[in-house]
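Here is the structure we will look at.
The values are calculated or read from the model by the stated rules, or taken from the named source; none is laboratory data. Quick caveat: nothing in here was measured; it's all calculated off a predicted structure. Neighbour counts are summed over all protein chains in view; Cβ atoms, including those assigned to glycine, are modelled from backbone coordinates with ideal geometry. The area values use the complete protein model at the heavy-atom level, side chains included, leaving out ligands, DNA and RNA. Shrake-Rupley method; radii C 1.70, N 1.55, O 1.52, S 1.80 Å.
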Amino acid sequence: MSDCLFCKIIAGEIPGKTVFENDKVYAFRDINPQAPVHVLIVPRKHMDNILECDAETAAALTDAVQRIAESEGVDKTGFRVVSNCGKHGAQSVNHLHIHLMGGKQLPERMG
Ligand code: 5GP
Ligand code: ZN
């Protein structure tokens, strides 16, 4: 996926502020944070969105969510995980990503 922004960030061609990484996932700070903690967690392997996500990748993403919530200090206070999918989901980057947001009280309702 030579034209994918997040593939370029994973490859280091575009800088990203790394929060966590292992062989399956890469996590970095959102460039336009919507909360004091706003981390994007992506599989290293390109997949467009959650519709293409296999069980092994889903497990790796979940593991990363748990580790990052703890390392960012929001595991006790709470946080939100969101993955926008497709047009009506307002997905703007077509590489599967999980938003992890926390560090403040988020609104009860989204949108
Ligand atoms: P989406 O709207 O697809 O759910 O989320 C895409 C997210 O990627 C947005 O929150 C946006 O701020 C973030 N983003 C877009 N371009 C860049 C970039 O170049 N670097 C980083 N770190 N985040 C980006
Ligand atoms: Zn990609």
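At a glance:
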{"item": "Region 5-102 - accessible surface per residue (Å², probe 1.4 Å)", "result": "56 Å²"}
{"item": "Within region 73-109, trypsin sites (Lys or Arg not before Pro) in DSSP loop having at most 10 other beta-carbon neighbours inside 10 Å", "result": "LYS76, LYS87, ARG109"}
{"item": "Cysteines in the chain lacking a second Cys C-beta under 4.7 Å", "result": "CYS53, CYS85"}
{"item": "At q = 0.18 Å⁻¹, base-10 log of I(q)/I(0) for the chain (Debye sum, equal scatterers on each alpha carbon)", "result": "-0.90"}
{"item": "Within straight-line cross-link reach of LYS17, lysines at Cα separation under 18 Å, skipping those fewer than 8 residues along the same chain", "result": "LYS8"}
{"item": "Rounded to the nearest 10 Å², the accessible area of THR77 at probe 1.4 Å", "result": "110 Å²"}
{"item": "Folded to 0 to 90 degrees: helix 55-71 orientation relative to the chain principal axis, Cα", "result": "40 degrees"}
{"item": "Difference of contour (0.36 nm per residue) and Cα-Cα distance, VAL93 to ALA59", "result": "10.1 nm"}
{"item": "Theoretical gain in end-to-end length, GLU70 to VAL82 [0.36 nm per residue, Cα-Cα removed]", "result": "2.6 nm"}
{"item": "Added length on full extension, which subtracts the Cα-Cα distance from 0.36 nm per residue, ASP3 to GLU21", "result": "4.3 nm"}
